[in-house]
1. State which helices in the chain qualify, where a helix is a whole DSSP H run, it must extend 18 Å or more along its own axis by its Cα atoms, and its mean Kyte-Doolittle hydropathy must be at least -0.5.
2. Ignoring everything except DSSP H segments at least 4 long, calculate the 222 nm mean residue ellipticity for the chain; use -39,500 (n - 2.57) per segment, divide by total residues, nearest 500.
3. Which peptide among 14-25, 232-243 comes first, and what is the full order, when sorted by highest mean count of other Cβ atoms within 10 Å?
4. Please report the antiparallel percentage of DSSP beta bridges with both residues in the chain, rounded to the nearest 5.
5. Match the structure shown to one of the listed values (1) 19.9; (2) 22.4; (3) 20.9 of Kirkwood radius over Cα pairs in Å, computed from it, and give that label.
6. With θ set to phi - 60° and the Karplus curve 6.51 cos²θ - 1.76 cosθ + 1.60, what are the ³J(HN,Hα) couplings of the range 125-131 in order, to the nearest whole Hz, using x for Gly and Pro?
7. If packing is taken as the average count of other Cβ atoms within 10 Å, what order do 38-49, 301-312, 182-193 fall into, highest mean first?
8. With a 10 Å Cβ neighbour count serving as the proxy for reagent exposure, in which order, fewest first, do S144, S155, S117, S128 appear?
Amino acid sequence: MATRYTNKDGIMKLAFIGECMIELQESGPGVLKQSFGGDALNTAIYCARLSSSLPLQVDYVTALGCDNFSKSMIRFWEQEGVGSELVQTIPQESPGLYFIELDDSGERVFHYWRSESAARRCFEYPDSEKILKRFSEYGGLYLSGISLAILTETSRALLIERLEELSENEIPIFFDCNYRAELWTSLSQAKKFYERLYRLSKIVFLTKEEAKILFDGTTGREIHERLQGYGDLESVVKDGENPCSICAGDIIFKVPATPVAQVVDTTAAGDSFSAVYLVARCFGCSPVDAAKMAHATAAYVIGHKGAMAPIEDMPVSGQDIADCYSQ
């Protein structure tokens, strides 16, 4: 991974495919706080936060309605530096919604209303073909298992067909497994589509827990060996507070996590890790250096409430990545 994927102006363009939803969360007894959320969007935002010192452009790919919630969503991520060139706004459509409830032990319980979300038919609208064609303008495309799972069969087929074309033309695909059992009709269905993405991807992210499910109890080095069987890819296994494990160029690296004094909220920890690792690798940092910066960012994020930790005190900047790859 290097800057050979930049465009003629020397800019690395990355597109993130996903669904942004309306988030409602209890902030006190009988009091709700409204915000927005989505795994691929979280990753896109953390990537965009690195762009001030790097030749990096980040765009989001989704479908929304023309309602005020949809308009607010677009303003929300544009303020973070994420572009909306590839966002379709469809009259009479609307985004999905989820509610975060806290149980008696303080654990988060999610309730979703997304069956009619515009994003589910993202690649079936009048301008969808144009959006899919524009993917060739990008130096890389990122999606997650959730991005795949929420799509209708038709949209999923159209997207994967296009990703196969792009992969043949050496445009890298980056895939974060983010497996959510409730979004698939069965584990076998999820495995079938995941395997197609493994074969297309340059980097695959997953957690140790996901690996056990997706690879029938496989752990340790065998996770990487199983993934290597799908092609020439880089695999990154995240394991919470334990060291992450990376296989790149047939070499396995283990990189310790950054210690955290107090875990406040684990939301977007994995998304922020993937963002920093991805940008660092795209700009030529080593797997170990990329993982160290990714761990530091994830540790910062889980020390704050909500998916978007304050930008002012982020521990890793675009300049850190620039300094790393220029050494």
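No value in this document is a laboratory result; all are computed from the given coordinates. Computed from a prediction, not measured in an experiment: that's the story for all the values here. A quick note on method: Cβ atoms are made from the backbone with ideal geometry, for glycine too, and the neighbour counts reach across all protein chains shown.
1. Long hydrophobic helices here: 153-168, 269-282, 287-301.
2. Dividing the helical sum by the residues of the chain leaves -10500 deg cm²/dmol.
3. 14-25, 232-243
4. 40
5. Correct label is (1).
6. 8, x, 9, 4, 4, 5, 4
7. 38-49, 301-312, 182-193
8. S128, S155, S117, S144
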